[in-house]
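Written out below as structure tokens is the structure these notes cover.
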Amino acid sequence: MKIALVHLVRRQNPPDAFKKFWKSYLEHPSGVDHDVIIVWKNFIGLDHPNVSAEANVRHLVVSDHGCDIDVYFQVSKIFDYDAFVFLNSWSEINKDGWLKTMCDAMGEAVGLVGAFSSLESHRTNFVNGFWKVWREASLREKFLLLIYACYLWLRLEIHIPVHPNFHVRTNGFMISKKVLEQIRKPVIFDKIDAWKFESGDHSLTRQVRSRGYEVVSLSESKLIVDNRVRSR
């Protein structure tokens, strides 16, 4: 199986974010042959950081248009691989054999393997948070809060299942190309659309399951970590 690790580097992020990822990649053997595709977002016409020749690396420079998930779909159409592992800008590899573990989990019946997953529901969080703020708000604040709540409810919360809302986080996952080609990606204008695609009624996870595939979470294994959290 031809596998590509796709890592997204955004120009507006601190340089240390990529340095931490690349250092972790070189320090932790994957256990499986693969190529690396580094996507340089918003680096058009600019030099990007040097990458050591210790890995088989391919490069793609894209504009700053769209969210991370838009880039992932773009990569899957440009490059011919059987499976992709997508890791976002803040990812840091944490264990040796991380890719072998993901590949072992990707059986014939499995369509999606998540390095991160969650039971969180924006809808449940919104309801709980709304009433807490409402009780402490002035009359004027309640009026403004109600307007904002109606907007957010219609745009996001009504489309999110209540807790427990299992979903694979899109900041780190493995998916086969044949499964990804079956996924309907909505037009993503902003973070709200991205949240719906990650954890809504028609999320990546729910679409994979609806097509008869299983979804596996490896969150407990901590193969990949978020270096924003590690640095705190």
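Residue under question is E92, and the condition is that it be among the charged types (D, E, K, R), assigned by TED's automatic domain parsing to the domain that holds W40 and touching a residue at least 12 places away in the same chain (Cβ under 8 Å); does it hold? Against the criterion (among the charged types (D, E, K, R), assigned by TED's automatic domain parsing to the domain that holds W40 and touching a residue at least 12 places away in the same chain (Cβ under 8 Å)), E92 qualifies. Taken over region 108-155, the criterion of being touching a residue at least 60 places away in the same chain (Cβ under 8 Å) and surrounded by 12 or more Cβ atoms within 10 Å (Cβ to Cβ) is satisfied by V110, G111, L112, V113, G114, A115, F116, S117, S118, E120, S121, H122. Just one of the listed residues (G45, G31, G66) is touching a residue at least 12 places away in the same chain (Cβ under 8 Å), among the small types (G, A, S) and farther than 24 Å from D104 by Cβ, and it is G66. Residues in region 2-16 include at least one that is basic (K, R), touching a strand residue (DSSP E or B) at 6+ places or on another chain (Cβ under 7 Å), surrounded by 16 or more Cβ atoms within 10 Å (Cβ to Cβ) and under 29 Å from F189 (Cα atoms).
Put simply, of K191, K196 the only residue that is among the basic types (K, R) and over 17 Å from N88 (Cα atoms) is K196. With respect to the stated conditions, I160 is among the β-branched types (V, I, T) and either over 27 Å from I183 (Cβ atoms) or free of Cβ contacts under 8 Å to residues at least 60 places away in the same chain (or both). Listed here are the strands (runs of 3 or more DSSP E) enclosed by region 30-108 that have at least 3 residues being under 25 Å from K185 (Cβ atoms): 35-41, 57-62, 83-87. All of (1) assigned to a helix (DSSP H, G or I); (2) over 29 Å from Q12 (Cα atoms) hold for L152 with one exception: (2).
Scanning region 61-94 for residues that are of a type in the set (A, V, I, L, M, F, W, C), surrounded by 15 or more Cβ atoms within 10 Å (Cβ to Cβ), more than 17 Å from the chain's Cα centre (by Cα) and modelled with pLDDT of 95 or more yields a count of 1. Taking every residue in region 182-201 that is assigned to a helix (DSSP H, G or I) and pairing it with any residue that is crowded, with 19+ Cβ neighbours inside 10 Å and among the hydroxyl-bearing types (S, T, Y), at least 6 positions away or on another chain, the pairs with Cβ-Cβ distances below 6 Å are E198/T170.
The values are calculated or read from the model by the stated rules, or taken from the named source; none is laboratory data. Quick caveat: nothing in here was measured; it's all calculated off a predicted structure. Reconstructed Cβ throughout: ideal geometry from the backbone, glycine too, with neighbour counts over all protein chains shown.
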